[in-house]
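Working notes, structure below.
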Amino acid sequence: MNTKNAIFQLCDHIRETAFNLHGYLRNGHLEKVYENGLVNRLGKAGIQVQQQFPLEVFDEDGTILGEYFADLMVEDSLVVEIKACKTLADEHTAQLLGYLRSSGREHGLLINFGAAKLEIRKYVLSEH
C-alpha cells in the first residue's frame with residue numbers, strides 16, 4: 001500500500017473503527033483492551049494488522065541501541081499507537097514519531113481511548 005490515497009482511506013477506516021469501538025466500550029479500560037478490539041475489528045474487515053510490532057533503534061554505525069514495540073502495524077505501512085489516558089501529551093507524539101523514524105514508515109496514528117471523547121491524531125514523517 002504505497003499510494004497516498006490508499007493510506008488516507010486506511011486511516012479513515014481505522015478512525016471509523018476506533019470511533020465505533022470507543023462508542024461501544026467507552027473509556028475506562030486498559031490500552032490492551034482497545035488494542036485487542038481494534039485488531040479484532042480490523043481483522044474482520046480484512047485488514048492486515050500486527051500487534052506489538054518490533055522496532056530496533058540503530059546508532060549511525062549500525063549498532064543496535066535498543067528495541068521497542070509499536071502497538072499496531074497496519075498493512076505494513078501505518079504505525080498505530082494506542083493510549084488510554086486523560087489526554088494526549090507531547091511525549092506520546094514523540095514516541096510515535098520515534099516509531100516512524102525507526103520503522104522507516106511515513107504515516108502514523110495516535111489514538112487515545114482514555115477520555116470521554118475519542119482523540120485521534122494523524123502524523124506524517126517526511127524527509128523534506
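Derivation of every value follows stated rules applied to the coordinates shown; laboratory data play no part. From a predicted model like this one, the values you see are computed outputs, not experimental measurements. Neighbour counts are summed over all protein chains in view; Cβ atoms, including those assigned to glycine, are modelled from backbone coordinates with ideal geometry.
Hey, got a sec? Which trypsin sites (Lys or Arg not before Pro) in region 61-128 land in a DSSP loop and have at most 14 other Cβ atoms within 10 Å?
Lys86, Lys117
Which of the trypsin sites (Lys or Arg not before Pro) across region 9-43 are loop residues per DSSP, with 12 or fewer other Cβ within 10 Å?
For trypsin sites (Lys or Arg not before Pro) across region 9-43 that sit outside H, G, I, E and B with at most 12 neighbouring Cβ atoms in 10 Å, the list reads Arg26.
Helix 31-44 against the longest principal axis of the chain: what's the angle in degrees, Cα atoms only, rounded to the nearest 10?
Compared with the principal axis, the helix lies near 90 degrees.
With both partners inside the chain, how many of the DSSP beta bridges are antiparallel, as a percent to the nearest 5?
75 percent
Considering the convex hull of the alpha carbon atoms of region 4-124, report its projected area averaged over all viewing directions, in nm², one decimal.
Reported value for the Cα convex hull: 7.4 nm².
Across the chain, where is the longest run that never hits GluC sites (Glu not before Pro) in a DSSP loop with at most 16 other C-beta atoms within 10 Å?
Segment 1-59 is the longest.
Please compute the modelled spin-label separation between Ala115 and Arg26, points set 7 Å along Cα→Cβ, answer in nm with one decimal.
The modelled label-to-label distance comes out at 1.8 nm.
Based on Cβ point charges of +1 for Lys and Arg and -1 for Asp and Glu, what charge dipole magnitude is obtained for the chain about its Cα centre, in debye rounded to the nearest 20?
Charge dipole of the chain: 860 debye, to the nearest 20.
Count of lysine pairs in the chain with Cα atoms under 15 Å apart, counting only pairs 8 or more residues apart in sequence or on different chains? Walk me through the numbers before you get to the answer.
Working: Lys4/Lys122; Lys32/Lys83; Lys83/Lys117; Lys83/Lys122; Lys86/Lys117.
So the count works out to 5.
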